[in-house]
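Okay, structure first, notes after.
What follows draws every value from the coordinates through simple rules; no lab data is involved. Because the structure is a prediction, the values reported are computed rather than measured. Methodologically, a virtual Cβ is constructed for each residue, glycine included, from the backbone with ideal geometry; neighbour enumeration extends over all protein chains shown.
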Amino acid sequence: MSRMADISLIIVAFIWGSTFVIVQSAIEFLPPFMFNGIRFLLAALPLGVLLFIKKTPVNKHSVLYGSLLGFFLFIGYAFQTLGLLFTTPSKAGFVTGLSVVMVPLFSNVFFKRIPSKGAIIGSMFATIGLYLLMSGHSQAINKGDILVFICAFGFTLHIIFTDLFTRRASLLLLTTIQLSTVGILSLGCALIFEEPKQVLIKGGFFNKEVITALLITSLLATLLAFITQTYAQRYTTPSRVAIIFTMEPVFAAFCSYLWIDERLGFLAIAGCCFIVIGMLFSELPLFAWIGRNKNTKHSVDGR
């Protein structure tokens, strides 16, 4: 079950990585907060209908857990989408991936969890990979990268607390509440910081790229992805999730190359390789195998 969970999370990382370009195109016509608000409420709607049909009981603990996860998710997506106004899709993916370092650190701070040797070495390789990806990029660091860096904190806390809350609440209820929370907070910010009337007048809602982006991101990158993540995290660790999600910038870079011809240099390509190696270190039971071999050797020597 653990292996299936990891494969599912790799698919989620691919979906998220491939949507950076789509979102960047859409927010040229629809402001970031408004885009996220519509996206997340569209994703929450079918889940809400399903909750009503199944008559799932709603308790205050599930509402609290879902709201907290939704707040962390809102921080992540708000600053990531704002950052995409000023930086490129591949760079946004790279900076978001810094959560690979933050997750083991925050897990230790909040819950005194010491990550496995494989997770520690995997995180180190993934961090080196992210650094090479940034170094191998043709553009210097800008304010968009700083905004996306803030989003990495939101995603880090979301991964850590998803691991905790999925064991205490209904999967369907938890996912519905957190997606609804992101949608409501995003629309609230849109009313305060953006001009919805101007968007209506200019017809931003009815742009073909916006409609396509909203459908793809709400159904695949939100509804499907977060149901999958919430379920899969019951069978793996936060550190492994973070390392798997470092594949997101690799997929973002690959899709940017295919769709908008964004080129990567040698260092960036080397960075992608380091990230893959880091993920393999976290996945393969190398240290457990070494430990078993040592124990076997001692047993043989003792006979």
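Ordered by the count of other Cβ atoms within 10 Å of each Cβ, fewest first, VAL182, VAL276, VAL12 give VAL276, VAL12, VAL182. Out of [x] 0.95; [y] 1.01; [z] 0.97, which label holds the value of Rg/Rh (Cα atoms, Kirkwood Rh) that was computed here? Computing Rg/Rh (Cα atoms, Kirkwood Rh) and matching it to [x] 0.95; [y] 1.01; [z] 0.97 gives [y].
Based on C-alpha pairs under 8 angstrom that are at least 6 apart in sequence, the stretch 2-302 has a relative contact order of 40 percent. Adding -39500 (n - 2.57) for every DSSP H run of four residues or longer, then dividing by how many residues the chain holds, sets the calculated 222 nm ellipticity at -26000 deg cm²/dmol.
Against the main long axis of the alpha-carbon atoms of the chain, helix 2-18 sits at an angle near 40°.
Going from the residue with the fewest nearby Cβ atoms within 10 Å to the one with the most, HIS158, HIS61 rank HIS61, HIS158. The C-alpha atoms of the chain define a longest principal axis, and helix 117-135 lies at about 50 degrees to it. What is the angle, in °, between the Cα long axis of helix 99-111 and the longest principal axis of the Cα atoms in the chain? Nearest 10 is fine, range 0 to 90. Orientation of helix 99-111: about 70 degrees from the principal axis.
Please label the shape of the stretch 52-113 as rounded, prolate or oblate, based on the square roots a ≥ b ≥ c of the eigenvalues of the alpha-carbon gyration tensor (a/c under 1.5 means rounded; beyond that, a/b larger than b/c means prolate, else oblate). Cα axes put the stretch 52-113 in the oblate bin. One Cα centroid belongs to the stretch 151-169, the other to the stretch 43-110; the line between them spans 8 Å.
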